[in-house]
Structures are given as C-alpha cells and as structure tokens.
1. Report, by chain and number, residues whose modeled amide H sits under 5 Å from the one on A:L208, excluding near sequence neighbours (fewer than 5 apart, same chain).
2. What does the structure give for A:79-85 when I average, per residue, the other chain Cβ atoms found within 10 Å of the residue Cβ?
3. Quick one: dipole size for the protein assembly as shown, taken about the Cα centre, charges +1 on Lys/Arg Cβ and -1 on Asp/Glu Cβ, in debye to the nearest 20.
4. If you find the alpha carbon centre of segment A:222-266 and of segment B:12-49, how far apart are they in angstrom?
5. Taking the Cα centroid of segment A:129-158 and of segment A:286-303, what is the distance between the two, rounded to the nearest whole Å?
6. With every protein chain kept in place and ligands, DNA and RNA left out, what is the accessible area per residue of chain A? Probe 1.4 Å, answer in Å².
7. Can you check how the C-alpha radius of gyration of chain A compares to 2.2 N^0.38 Å, as a plain ratio?
8. How big is the Cα convex hull of segment A:45-184 in projection, averaged over all directions, in nm²?
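The values are calculated or read from the model by the stated rules, or taken from the named source; none is laboratory data. Because the structure is predicted, anything quoted here is derived from the model rather than measured. FYI the Cβ positions are ideal-geometry reconstructions off the backbone, even for glycines, and counts take in every protein chain you see. Surface accessibility is based on the protein's heavy atoms, side chains included, excluding ligands, DNA and RNA. Shrake-Rupley method; radii C 1.70, N 1.55, O 1.52, S 1.80 Å.
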Amino acid sequence: MPVIIDAARRAVVGERRQLTLGELAALAALPDEDVPALADAAHAVRVAWCGDTVEVEGILSAKTGGCPEDCHFCSQSAKFDTPVKALPLLRDDEVLAAARETAEVGASEFCLVYAVRGPDERLMRHLEHVVGLVGRETGLNVAVSAGILTPEQAGRLAGAGAHRYNHNLETARSFFPRIVTTHTWDERFATCRLVRDNGMELCCGVLLGMGESPAQRIELLGELREVGPAEVPVNFLDPRPGTPLADRPIMAALEAIRWIALFRLALPDVILRYAGGREVTLGELQEMGMTSGINALITGNYLTTLGRSPQQDIVMLKGLKMPIGSLSKVI
Amino acid sequence: MFCTGCGRRTGECGGCGRDADPWHYCPDCGRWLATQVTPTGWTARCRGCGLTHEVRH
C-alpha cells in the first residue's frame, strides 16, 4: 500500500485529524492500481466514524418538469427539449401512496422533490400540510427539496417538521457557471446556510462527471466542509437526451470508486449516499461502492429515471452484513 | 408502433429508449405521455389514445 494512503488512514482513523486539501489532491493523483487500497482506507474511515449501518431512502418527484432553471444536466428544465414535460403537483393520496411504497421496502427516509426555482406560496402551503401528513401516516423521516429558500420559508419548513432539506451544490464554485446560468453558486450556498440556521439537517449533494477537473472536485470538497452538511448524496452524470450534457461520456467505474473513497476520506462524519447514476456508472460494482465509504443509498427509482429494484439493494446489504437504520451526522 | 423514447415511428428511430428510462411517448400513437415515476414503479398515461401503462418492481 502506498505510504500516503497508510498515512491518510492513520490520520483520519487514529488521530481523528481532517486531511488537508493538499493531502486529498495527492491521493486523487494516485494511479488506478492504488484505487482498491484507497477504497479500503475509506471503508475503515466510514466504519470508525459512522459504524456499519446503512440508511435507505426513497425519493419522489412530486412536481415534475417545467423548471425555469437551466441546470445543464437536468431533463426537467423547461429550457431544453427533453421528453420530460411539466406535470401538475401530485395530490396528497398520490404522495402518500409513494411514501408507503418507500416504507414497505424498509427505508427510513422519504424525500419530496419539486422541480422549481424555489417555492411559491401555494407550494409552501402544500409543504406545510404534506410533510406532517406523510410523517404521521408512515412514520418516515420526511425531507424536502424545493430549490432556493428565503429565510422565512426555511423557518416555516422547519416548523412544519421537515427533517432534512436537500439543496445540492452540485459542483465547485469555479465550474458552476459552465453548468447553470439562471442562478449562482452563491445563491445555492446561501440556501444551504439557511437550512442549518433554521435547525434542519442539510442534505447537500454533488454531481460528478460533468467535465469538472480533479482540482475542481477537491475545491468542491473544501466548499462542502464550509457548508457542513449532515448528508452528501453522490450523483454521477447520467447524460439525458435533449440536455446540453447529453453527449458527455459516462464516468469510468474505477474513477467513480476513487472519488467515493476521496469523499469519505475528506468528510469522515457525513452520511455519504449513493444517488443517481450509480447503476449506469458502476454497473456490477455496486458492492464495491458500499465498501469504499458509502453508508446510505437511494433505493428504487429516481425522479424521472429508473434505478435498481429495492430488493436487489436489500439482498446486497444482507450479503455485506450491513444493517439498515436511520443515521444522523456524527457529532 | 412508435419509439417510447422519442415518439418517432419504430423504423425511423435507431432505438433510443433505454432500460433505465420509463416510457415518454406512446407506443401505439406516438404522442407524449404523462409519466410519473415513483420509488417502486412508474405510470404513463396517453391523452391521445387513452393508453395507461403501469410497471411495478
């Protein structure tokens, strides 16, 4: 095993010291043959900091398509000619049915996602009603993802019982203008801050494979440390027809494993969740990701694309002897 | 028959639909479908010919 991997493992597991961005950059530059050792070190960090429990979540697009933003990876943007068109807000009974599906597969988390720039008053009233309804009826922890918030809206969502709020940074500040032009990275960062300031857990994800450089991924890790999320969903680009990123190549599986491991080494205490694109990127290497630092997953389908069946994930976790449970950030 | 990925006639499309995608166009009439994905399935409804297609894991 290369000396720098051993040193990183000792620093994070033994000394409980945060690796510097320079140390992480050196690990990112290791050759492919060192990735399994890097993954092994990341798994040791995950077990030491978070234990062996895996948090399982289901997600639902409760308002699909027609989004005014131009996130270049997203098939729900109204700016691009994609097969995903606008649908009306789901009714309570439709949301509850999806939440019950999620509870039945053994998940503890359910995230309601809305394709909007930010909530208007009608959506706020819906959220204030539906978050409590789903929680009471299913016992699930309910998270929300509804775009950019005002301070008043963040307070209302916390008051309504939203357990976690998802707002992704997606990519490094220096790369963001290449991906989104209708809002800024700083606006995203500000909403992330509001989430924490109002007592909700922050779920702040990333999307890898959009053309960002390794240095920009390291930059993103530093930015995530600044914003302090409880959870980081790791998405890999699944190029969608009609979007500006439709022709981007899918990230190589071993490269994805390398970056899962680096995210765990950089963020030892977070809930690091397998998210969109894992099927097309990792293929048969799903188990390897689970032993490279991941300790949570979105199971079943995504917002507009299909994932593995939840049963496949349950069988995988049983085989890995990783119990399913609810997690919170290690304090 | 029409491609469920792009709505073109099957012979005019090289097969753009993927297993990881639900249907977005009606295989019977080629019109756009109202497709809702949920954690364990998806439903697609055609406002043109009335087709409803439902898949559960």
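1. A:N235, A:F236, A:L237
2. 4
3. In total the dipole reaches around 460 debye.
4. If you average the Cα positions of each part, the centres end up 28 Å apart.
5. 24 Å
6. Per residue, chain A has 37 Å² of solvent-accessible surface.
7. Chain A yields a ratio of 0.94.
8. Working: hull surface 40.8 nm².
Taking the Cα atoms of segment A:45-184, their convex hull projects to 10.2 nm² on average.
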